[in-house]
Amino acid sequence: MAVALPRSRSPLTAVRQWYEDELRWPTAGGEPVQLLTGVRFDALDLPADAGRAVLARVGPTGPVAIDRSGSAGPRMLVLVSAGAAEELPEFLEWLEWGSLGLDLTARGAGDRMPAPSPPPPHSRWPYGTGPREAAGWVRPPEPGCEVEATLPTTGTGAGRGGRGAPLAGRQGRAPDLVRLVSAAATECHRARLLRQTRRQTDRGYGDQPLAFSNASRISAGTRPRSLTL
């Protein structure tokens, strides 16, 4: 008697089912697979160079993805608690970054982000790497746990992280949302000044190596005086 073999799943179907079944994250229909923000999480959206500096500065966070689909260059998506996108403008005003027009936004209710392929088991990717697709995980989510409990949020005891540790032992590992926004704003401003300095140097010296003056080094580290976080 003929044996009925299970039909193979397409890669896109496997990706969609991983997010919906393992993490309980809603996805959007069509191709490529996309994750709906504003439901289980929001995402801070900033340039990849600034994002890498933020990760090195703040240490553990929740999941972080890199989005390479845009024409303006790769973007870092730092997952934060749902509702954070609505609070971002107020945070930036309070931190005295509101008038500088930073390249720092957030994806929240009604927005989407590309769904990276699920990470291979037991993988430990260095920051900024992963599959060379439209999107990849820099710090992948941890299936089998309440991922939302690891996302930076506001309030006492907010932000719990640390892969492999019991939930009770992960209190305070991820930064508070305000501190994360503070670091992101600082690094976005620093990265913009550095890019401007490189363009000016390239115009002035052609293909000569970039050399920073003392003034440009100081300028690249400028931030509002009231920023003490």
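The values are calculated or read from the model by the stated rules, or taken from the named source; none is laboratory data. It should be emphasised that the depicted structure is a prediction, and the values quoted were computed from it without experimental measurement. Using ideal geometry, Cβ is built from the backbone for each residue, glycine included, and neighbour counts are taken over all protein chains shown. Heads up: the accessible areas ignore ligands, DNA and RNA and are worked out on the full protein's heavy atoms, side chains in. Shrake-Rupley method; radii C 1.70, N 1.55, O 1.52, S 1.80 Å.
Here the stretch 80-101 is the region considered, the condition is being over 16 Å from the mean Cα position of the chain (by Cα), part of a loop (DSSP other than H, G, I, E, B) and of a type outside the set (F, W, Y), and the residue that is nearest to P143 (Cα to Cα) is L95. L102 meets the stated requirement of being surrounded by 13 or more Cβ atoms within 10 Å (Cβ to Cβ), farther than 25 Å from T150 by Cβ and in contact (Cβ under 8 Å) with a residue 24 or more places away in the chain. Among the residues of the stretch 4-21, write down those that are modelled with pLDDT under 90 and either assigned to a helix (DSSP H, G or I) or among the acidic types (D, E) (or both). Passing the criteria: P11, L12, T13, A14, V15.
Residue-by-condition table, conditions (1) open to solvent by less than 20 Å² (accessible area, probe 1.4 Å); (2) in a loop (DSSP other than H, G, I, E, B); (3) of a type outside the set (F, W, Y); (4) at pLDDT 95 or above:
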site	(1), (2), (3), (4)
A109	no, yes, yes, yes
P120	no, yes, yes, no
S123	no, yes, yes, no
P126	no, yes, yes, no
G157	no, yes, yes, no
V181	yes, no, yes, yes
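Filtered by the rule that a residue be crowded, with 20+ Cβ neighbours inside 10 Å and aromatic (F, W, Y), the stretch 77-99 gives F91, W97.
Every test in (1) in contact with a helix residue (DSSP H, G or I) (Cβ under 9 Å, 6 or more places away or on another chain); (2) under 16 Å from D176 (Cα atoms); (3) assigned to a helix (DSSP H, G or I) is passed by G62 save one, and that test is (3). Among the residues making up the stretch 50-59, those that are at pLDDT below 95 and either in contact with a helix residue (DSSP H, G or I) (Cβ under 7 Å, 6 or more places away or on another chain) or among the acidic types (D, E) (or both) are R57, V58.
Being modelled with pLDDT of 85 or more and open to solvent by less than 60 Å² (accessible area, probe 1.4 Å) is a property that P74 lacks. Residues in the stretch 30-44 that are of a type outside the set (A, V, I, L, M) and touching a helix residue (DSSP H, G or I) at 6+ places or on another chain (Cβ under 9 Å): E31, P32, T37, G38, R40, F41, D42. Please determine whether any residue of the stretch 189-208 is touching a strand residue (DSSP E or B) at 6+ places or on another chain (Cβ under 8 Å), modelled with pLDDT under 75 and open to solvent by less than 80 Å² (accessible area, probe 1.4 Å). No, the conditions are met nowhere in the stretch 189-208. If you check L79 against the conditions, is it modelled with pLDDT of 95 or more and not hydroxyl-bearing (S, T, Y)? Yes; evaluated as a whole, the condition is true for this residue.
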